[in-house]
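Scroll down for the structure; my scribbles are underneath it.
Only the coordinates and a few stated rules stand behind these numbers; no lab work does. As the structure is a computational prediction, the values presented were derived from the model and not from experiment. Every residue, glycine among them, receives a Cβ derived from its backbone with ideal geometry; neighbour counts consider all protein chains shown.
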């Protein structure tokens with residue numbers, strides 16, 4: 001066996017174990033991912049067969065795909081931060097404020113479901129729980145509403161190309177199309193929400209203690225306008241890709257530019273509102289998340305460049321054979337293992353030329369990974 005394959009595989013496994021046990025070793029997973037990814041390429045450059053120019057060309061090819069994912073994530077994070085700084089999400093709280101516990105329960109689930117179709121799951125669950133804390137001071141009562149929200153936002157994030165990072169990765173890599181994801185996953189997603197909601201509804205407390213809606217706090221100027229423009233910007237990205245073929249990272253960058261112009265025009269005249277302009281949101285982006293993605297995608301691409309993933313795919317197909325069984329196993333593994341490297345590996349293991357976009361057989365390996373907050 002090629003020495004480079006052994007060493008690259010060993011470094012990747014050690015790095016992945018470090019990510020799993022980050023709380024034990026007290027090192028952030030982004031740092032571990034970054035070191036792992038670069039070490040894998042370092043070993044590839046120095047131990048793998050081939051000339052350096054070809055290897056650099058392979059790295060540049062993979063960096064193109066990585067950059068598209070990272071630019072998309074940065075743009076989406078910026079849009080969310082701008083909406084949040086304008087308190088745009090507060091208007092969702094008024095939509096959930098009902099005296100009826102049943103009405104409030106279903107309103108929170110449906111709002112979480114549809115909001116997570118445009119925002120990422122983690123952001124949605126944080127926003128929804130923050131809103132419920134303001135509406136429902138009793139922690140025990142609130143638990144019966146927040147626990148089902150985890151299912152609601154995951155189900156909502158599954159049926160759009162921008163609702164979950166793993167789906168976005170598949171979408172950017174052209175493994176799935178915007179309409180294909182919506183067409184085939186909306187019914188299962190809403191069905192999952194309704195079934196779980198009906199089961200949880202039986203456990204709701206008989207009475208709720210609600211905080212009266214506050215009217216003393218004024219939202220910043222342009223709060224609603226920024227919220228709706230931000231949502232429109234996120235929805236615009238898959239529309240532009242479907243209709244005009246514009247890559248998602250360009251679509252989200254175009255949307256950020258539009259939001260940037262709007263917020264500058266809204267707030268440039270008043271010094272006290274300069275903090276609401278979009279350039280102040282750059283400092284609130286979670287760069288550890290970006291570097292984690294960068295490191296993990298680098299590491300997985302090094303495995304692909306060394307031929308490790310292709311060999312693994314061949315081995316799995318030979319010993320298991322059935323796409324249905326393989327898909328089920330990958331789905332089960334994704335409930336325990338982090339989805340990001342798993343989906344990245346599946347994308348590289350099963351190239352676009354083998355299955356194409358929106359394959360007829362939806363038992364294909366890259367599709368059925370579970371979405372997690």
**Request:** Return one number: the angle in degrees, 0 to 90 and rounded to the nearest 10, between the long axis of the Cα atoms of helix 101-115 and the longest principal axis of the Cα atoms of the chain.
**Result:** 40 degrees
**Asked** Can you put 160, 357 in order, fewest other beta carbons within 10 Å first?
**Response** 357, 160
**Message:** Regarding the chain, what's the average projected area of the Cα-atom convex hull, expressed in nm²?
**Reply:** 21.3 nm²
**Request:** Extending each Cα 7 Å along its Cβ direction at residue 20 and residue 264, get the distance between those two points in nm, one decimal.
**Result:** 4.9 nm
**Item:** Stretch gain in nm, segment residue 219-residue 288, where the contour uses 0.36 nm per residue and the Cα spacing is subtracted
**Value:** 21.9 nm
**Request:** Could you work out how far helix 29-47 tilts from the main Cα principal axis of the chain, as a 0 to 90 degree angle to the nearest 10?
**Result:** 20 degrees
**Asked** Measuring from label point to label point, each 7 Å out along Cα→Cβ, what is the residue 209 to residue 187 span in nm?
**Response** 4.5 nm
**Fill in**
For 10-23, 220-233, ranked highest to lowest by mean beta-carbon neighbours within 10 Å, the order is 220-233, 10-23
**Message:** Rounding to the nearest 10 and keeping the result within 0 to 90°, find how far the Cα-based axis of helix 323-334 lies from the longest principal axis of the chain.
**Reply:** 60 degrees
**Asked** When only Cα pairs under 8 Å and 6 or more residues apart are kept, what is the percent relative contact order across the stretch 84-278?
**Response** 24 percent
**Message:** Can you tell me, using C-alpha contacts under 8 Å and at least 6 residues apart, the relative contact order of the chain as a whole percent?
**Reply:** 26 percent
**Item:** CD proxy at 222 nm, helix term only [per DSSP H run n ≥ 4: -39500 (n - 2.57); per residue of the chain; nearest 500]
**Value:** -23500 deg cm²/dmol
**Pair residue 53, residue 311: separation of 7 Å Cα→Cβ label points (nm)** = 2.8 nm
